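Here's the structure we're looking at; comments come further down.
The values are calculated or read from the model by the stated rules, or taken from the named source; none is laboratory data. Here the structure is a predicted model, which is why all the values come from computation and not from measurement. In this analysis, Cβ positions are derived from the backbone assuming ideal geometry, glycine residues included, and neighbour counts consider all displayed protein chains. Remember, those area values only see protein heavy atoms, side chains included, never the ligands or the DNA or RNA. Shrake-Rupley method; radii C 1.70, N 1.55, O 1.52, S 1.80 Å.
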Amino acid sequence: MRVSRRSFVGSALAGSTALLTARGLEAATWDPSGSLPSMFDRNGVIALNSNENPYGPARAAIDAFAKAYDVANRYPAKTEDALREAIAARHGVKPENVLVGCGSGETLKMATEAYTSDSRHLVTASPTFEQPATAMQRLGRPIKASNVDSGLGLDLNAMENDSANAGLVFLCNPNNPTGTVHSLRDVLSFIERVNRKSPGTMILVDEAYFEYVDHPDYGTAIPAALANKSILVARTFSKVFGLAGMRVGYGIAHADVVAKLAPWRVQNGISQLSIAAAVASANLTEHVKTQQKLNNEARAYARKAMNDAGFKTLPSHTNFIMSDIKRDPKAFQDLMLTKGVAVGRPFPPLKTHARISIGTVDEMHKAMPIILNALKSA
Ligand code: PMP
């Protein structure tokens, strides 16, 4: 039978929608080792290596995504306005305060390129999310990085000292890969001190894991960013909203900061489908609560299992835990892969820590005995 282009697209859409719908709806019982088309097949490996949301997108996002095929032939400039409005409504800010991008990674890249130079360095931590530092390395621009402290938190005093004449300070809160948080009070006091020490320095507060934080003193720097042109807050749809593969993130800042950064974007860089999924996700409060609850349950289980077995794991405010496994994390990562569990890579300068992303509750009940057996026997 000859398949016209339109009917082929239609049937492909029907197939992928059904698959995604099943995954979104039945996420709590979905078995990643079950039979999936090869495009989605992870060969039965439990993926605890990339801090993704294992439950997938919300049903509303999947429906919106499927509908957006109708406008896939159109450039997304107009729909991007709808995305900025939806994000603005979510945070109670104006669309002019919102800079959208291809994942929050694009916000980080834009800020790094726009605010640093050969003579204005990046201040960052070690370990923290590397994207700003790797962008600097590519550009051959200077970096000052301070090690995390003994509690694996950012060393805010060292970062403040490093900030004199910096172009950009990258403050990852909660910090990936250590899972630690700093209180809003400490963040605001840090910003004030950096502002005083180095008035021209931009401070990028990365809140990618905001929704997973379980700490009474934590809070967003968004209100501060609206009032202070030296602050940019980065957020993403990749984590709690389960849209890592759709690539939608954003920055929130004073309108002048957004206007300065906007030209650094890839124009029309977010697809119609991704925009539709993000718009449909932006106002989902119950979905977020459910994801938080599921993550908390699996995280508490995994952390207790590691601590009970003698592998120190500090409280985490994210969808991963960082454990002292008392051995080389690369050898552990390789060994775990042979046993069907993918865990995080090494994060220097930490020499004996492994990052384990939080999977579904079922996945963690399968993976933790495998992980602990390997750790106990090796
Ligand atoms: N910031 C942090 C702290 C991250 O961990 C990540 C991805 N893991 C990102 C930003 C980038 O995420 P995305 O581009 O998917 O929004």
**Request:** Express in Å², to the nearest 10, the accessible area of Asp155 obtained by rolling a 1.4 Å probe over the protein heavy atoms while all chains stay in place.
**Result:** 50 Å²
**Asked** What list of ³J(HN,Hα) couplings, whole Hz, do you get for segment 317-330 from phi and the Karplus terms 6.51, -1.76, 1.60, once you set θ to phi - 60° and write x for glycine and proline?
**Response** 10, 9, 9, 8, 10, 10, 10, 7, 8, 6, 7, 5, x, 6
**Asked** Going from most exposed to least, what order do Asp214, Asp81, Asp162 have by accessible area with a 1.4 Å probe?
**Response** Asp214, Asp81, Asp162
**Prompt:** If Glu297, Glu207 are ordered by their accessible area, calculated over protein heavy atoms with a 1.4 Å probe, which sequence runs from highest to lowest?
**Reply:** Glu297, Glu207
**Asked** Roughly how compact is segment 139-272, stated as its Cα Rg over 2.2 N^0.38 Å to two decimals?
**Response** 1.07
**Accessible-area value, Val213, 1.4 Å probe, nucleic acids and ligands omitted, Å²** = 30 Å²
**Prompt:** So for the chain: antiparallel DSSP bridges make up what percent, rounded to the nearest 5?
**Reply:** 40 percent
**Message:** What number comes out for accessible area per residue over segment 151-206 if the probe is 1.4 Å? Units Å², please.
**Reply:** 32 Å²
**Item:** Cα-based Rg / Dmax (Å) for segment 90-149
**Value:** 13.5, 38
**Request:** Write down the accessible area per residue of segment 250-342 in Å², having rolled a 1.4 Å probe over the full set of protein chains.
**Result:** 44 Å²
**Message:** Apply the Karplus curve 6.51 cos²θ - 1.76 cosθ + 1.60, θ = phi - 60°, to the phi angles in segment 355-362 and return the couplings in whole Hz, x for Gly and Pro.
**Reply:** 9, 10, 6, 8, x, 5, 4, 4
**Fill in**
If each part is reduced to its alpha-carbon centroid, segment 119-136 and segment 141-208 end up apart, in Å, by 11 Å
**Item:** Surface share of carbon and sulfur [accessible, 1.4 angstrom probe, percent] for the chain
**Value:** 54 percent
**Message:** Modelling each spin label as a point 7 Å along the Cα-to-Cβ direction, I'd like the Ala374/Asn147 distance in nm, to one decimal.
**Reply:** 2.6 nm
**Item:** Asn268-Glu192 pseudo-label distance in nm [points 7 Å out on the Cα-to-Cβ vector]
**Value:** 4.8 nm
**Prompt:** Taking the Cβ of Lys78 as the center, what net charge do the other residues with Cβ under 15 Å away carry, scoring Lys and Arg +1 and Asp and Glu -1?
**Reply:** -2
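What translational diffusion coefficient, to the nearest whole µm²/s, does the chain have by Stokes-Einstein, given a Kirkwood radius computed over alpha-carbon pairs, a temperature of 4 °C and 1.567 mPa s viscosity?
60 µm²/s
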**Request:** Would you kindly derive the ³J(HN,Hα) couplings of segment 222-235 from the backbone phi angles with the Karplus curve 6.51 cos²θ - 1.76 cosθ + 1.60 (θ = phi - 60°), listing them in order in whole Hz, with x for Gly and Pro?
**Result:** 4, x, 5, 5, 5, 9, 10, 6, 9, 10, 10, 10, 9, 9
**Message:** I'd like the accessible area for Arg235, computed on protein heavy atoms only with a 1.4 Å probe and all protein chains in place. Round to 10 Å², please.
**Reply:** 10 Å²
**Request:** Can you grab the distance from the C-alpha centre of segment 281-315 to the C-alpha centre of segment 67-108, Å, no decimals?
**Result:** 29 Å
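Hey, if we sort Met246, Met110 by accessible area with the 1.4 Å probe, largest down, what's the order?
I get Met246, Met110, largest accessible area first.
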**Item:** For segment 51-104: accessible area per residue (Å², 1.4 Å)
**Value:** 49 Å²
**Complete:** The local net charge around Lys144, scoring Lys/Arg +1 and Asp/Glu -1 for residues other than Lys144 whose Cβ lies under 14 Å from its Cβ, equals 0
**Prompt:** Between Val169 and residues 5 or more places away or on another chain, which pairs have amide H atoms under 5 Å apart, with H built 1.01 Å from N, and which residues are they?
**Reply:** Val123, Met202, Ile203, Leu204
